[in-house]
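What follows is calculated from the coordinates using simple rules that are stated; it is not laboratory data. Not measured: the values here are computed from a predicted model. Note that each Cβ is placed from the backbone with ideal geometry, even for glycine, and that neighbours are counted across all protein chains shown.
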Amino acid sequence: MTSTHTLIRAALCAALSAALAGCLSSTPHWDATFGDSVNQIKEMQTLNPQGSANTDPVAGIDGKAAVAAQKSYNKSFTAPSPAPTFTIGVGASSSY
């Protein structure tokens, strides 16, 4: 009978441990620091963290020149210029 009682106690302890393990949260530290790695990487990639506070406008080209440059840039994709053709050594012979 003792081996039966020991086996029942072991099974009861195993079942109780399994039931309590389902209630235990195993990630309290991970939950508390969720998203910190992403925020740290964003901070590391920011060149000037105070850049948004600068209200001084950027000096550059005027609006008309910028619009023309943008149109030229967009046009280069719709109608690209033809590639140059190279004729190296075709039709020319040299005899020594």
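Below are the figures for this structure:
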read-out	value
Fully extended contour minus Cα-Cα distance, from residue 6 to residue 79, at 0.36 nm per residue	17.7 nm
Proximal charge balance of residue 49 [Cβ under 14 Å; K/R count +1, D/E count -1]	0
Distance in nm between pseudo-label sites at residue 88 and residue 19 (7 Å out along the Cβ direction from Cα)	8.3 nm
